[in-house]
Amino acid sequence: MKNLRKLAFGCAALAAFLSSAASAGAQQQLQPITVTKVKDNVYWARGGAGSNDGIIVGKTGVIVVDTKTTVDSEKGVIAEIGKITPMTVNTAIITHSDGDHVNGLAAFPDGLTVISQENCKKEMEESANSPNPAPQNRLPSKTYNKTDNLTIDGVSIRLYHWAPGHTSGDTVVYLPDEKIVFGGDLLVTNRPDTGIHLEKHGSAAGWIENAKGMVALDADTYLTGHGDMMTKADVQKKLDFIQDKYNKIKTMVAQRKSLDEIKTSFGESTAPAPPNPNGTPAAATLTEVIYGEVSKKS
């Protein structure tokens, strides 16, 4: 019995150690927060947990575009802002409702003005009872439908929502004077195509419409939700790639090709994707999303 108790204690200690090590390892995998100066008053924060953050310095305060996943990571961004200017953040523009872009709002004190597309606010409200809720005390206080022209702290800002793309409430943030676009997760370089949230009524056709809108803007710098900075040529290349895939799938659906046949033609696996670690179904691939859209229309 004594040996069994020792064995049980040893197993428990080992489990605690492994859990602690795994947690420490996860923390170590986070890249440090680094800030890049893009223009005189525009900065870009990467690293930490979650999305890339935009930082726009106005005359009397600071505007952020998106926030990190955790309060700690967003506090890291706030600390970096303190190295740039003594002014505090008074406005946050949210490009969409995903937790890795909105949960860091909880790092800011009361009084923060939060701006988003109206569907983004609805999705944040609807997340209240989900496993990963948006901060319900930091919901957008200002929303718009299709476009909005703002001047915040002397900075000219245009907001665009051409169509549901990554989600139903995407916002493209355009700084016309600086020729900079913040694309949120409509623009990412950490995957060759793009992600569409069907559960949030996103759309591949809508993504294409948004990409065309972004390319048409008088901009030369495109800041992504995840990954590296892009040029107009980079965005056009991604648009061409996804438009070509959309057209090919549309043609194959008209030829009565099955989803598996279409996946095989692109060299993609036909095996069901494993569920996410939290047990939720795996997100649909871009091929699956496009197939579903064009099949409904045929």
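Each reported figure results from applying straightforward, stated rules to the coordinates on display, with no laboratory input. All figures in this text were calculated on a predicted structure; none of them were measured in a lab. For neighbour counting, all protein chains shown are included, and Cβ atoms are generated from backbone atoms with ideal geometry for every residue, glycine included.
Label-to-label distance, A273 versus L198, with points set 7 angstrom from Cα along the beta-carbon direction: 1.0 nm.
Okay, which of the range 190-205 sit inside 18 Å, backbone N to the point 7 Å along the Cα-Cβ direction of F241? Residues 190-197, 204-205 fall inside that zone.
Here the extension length gained between Q29 and K59 equals 7.1 nm, from 0.36 nm per residue of separation less the Cα-Cα distance.
Values of log10 I(q)/I(0) for the range 22-91 across q = 0.15, 0.16, 0.17, 0.22 Å⁻¹ run -0.46, -0.51, -0.57, -0.89, by the Debye formula with one identical scatterer at each alpha carbon and no solvent.
Rounded to whole numbers, the Karplus 3J(HN,Hα) couplings from phi for the range 162-172 are 6, 5, x, x, 4, 9, 7, x, 5, 10, 9 Hz, using 6.51 cos²θ - 1.76 cosθ + 1.60 with θ = phi - 60°, and x at Gly and Pro. Look at the alpha carbon pairs under 8 Å that are at least 6 residues apart: their mean separation over the length of the chain gives a relative contact order of 11 percent.
Which percent, nearest 5, of DSSP beta bridges in the chain are antiparallel? Before the final figure, lay out the partial values.
Working: 27 of 41 bridges.
Here the antiparallel bridges make up roughly 65 percent for the chain.
Ordering of 162-170, 222-230, 79-87 by packing is 162-170, 222-230, 79-87, highest average first (other Cβ atoms within 10 Å, averaged per residue). Here is the P(r) of the range 81-194: all C-alpha pair distances, binned every 5 Å from 0, give 2, 11, 21, 22, 22, 14, 6, 2, 0 in whole percents.
Near V38, the amide H atoms lying under 5 Å from its own belong to Y43, W44; only residues 5 or more places off or on other chains count, and H is placed 1.01 Å from N. Take the Cα of T231, go 7 Å toward its beta carbon, and the backbone nitrogen atoms of the range 184-216 under 16 Å from that spot belong to 215.
Distance between the modelled labels on I84 and N129, one decimal in nanometres: 4.0 nm (7 Å Cα→Cβ projection). In this structure the amide hydrogen of A92, modeled in the peptide plane, comes within under 5 Å of the amide hydrogens of V64, T113, V114, I115, none closer than 5 places in sequence on its chain. Starting from the range 215-276, pick out the trypsin sites (Lys or Arg not before Pro) whose DSSP state is loop and whose Cβ has at most 14 other Cβ atoms within 10 Å. Answer in residue order: R256.
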